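Nothing in this text is a laboratory measurement; each read-out follows from the coordinates by a stated rule. Everything numeric here is computed off the predicted structure, so don't read it as measured data. So basically every Cβ, Gly included, is an ideal-geometry build from the backbone, and we count neighbours across all protein chains shown.
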Amino acid sequence: MQRSLPGPWDRLLRAQSLAALVFIAISIYVYAESRGFPNVPWRAGGSPGFYPQMLAGMLAVLAVFLLIEGLNTPGTPILPDRSKWLLYLYVVACLILMVVWMLPYLGFRAAAAVFLFLVMWGIEGWPRQGRKLLGLVFFAVLIMLAVYAAFAMVANVRLPRGVIF
């Protein structure tokens, strides 16, 4: 007997889909709030709302890809119980603290890539396959380079340098 995809409402209850919807809501909120920042000409340093709007846009684009993946995954809805959600929040909070602690040593580029890799690895369910891990490394480095290019090269914002990188 062949199993079909669950209905659209069931697919929205997947952990990936719910996380994507939360990320989209956060990006909309950040973008809307940052539109209220004062408008400063670029020759005077640029609008302070540019940076959060740019990051909100990047978060929204990545969340859309996560939502599409969650909606297209076959099988029954996967929603962790409350204790796992608390564990996920604790792990992400620890990762953020780890990055803050590692920033003076690794610098922004390496610390951001490590953080992105670990968060994506957790969202994917801690895969152990070689190709999937290489894909996560590739996208972590790609996202970090996009953020670095936007801030350091386009906006001329100096990002923290570390002892190592």
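Rank by packing, highest mean first: peptides 111-120, 146-155, with packing defined as the count of other Cβ atoms within 10 Å averaged across residues.
Details: 111-120: 19.7, 146-155: 13.8.
In decreasing order of mean packing, 111-120, 146-155 become 111-120, 146-155.
Set the Förster distance to 25 Å, then compute FRET efficiency between Phe139 and Leu86 from the Cβ-Cβ distance, nearest 0.05. Working from the Cβ atoms, E equals 0.40.
Taking amide H as placed 1.01 Å from N in the peptide plane, the amide H of Gly162 sits under 5 Å from that of Gly107, Phe108, each at least 5 places away or on another chain.
May I ask you to compute the full-extension gain from Val64 to Tyr29, defined as 0.36 nm times their residue separation minus their alpha-carbon distance, rounded to one decimal in nm? Can you show the working numbers first?
Values: separation 35, 0.36 × 35 = 12.60 nm, distance 1.57 nm.
Answer, rounded to one decimal: 11.0 nm.
Using 0.36 nm per residue and subtracting the Cα-Cα separation, the extra length available between Leu97 and Tyr148 on full extension is 16.3 nm. Can you tell me the FRET efficiency between Lys132 and Leu159 if r is taken as the Cβ-Cβ distance and R0 is 30 Å, rounded to the nearest 0.05? It comes to 0.55.
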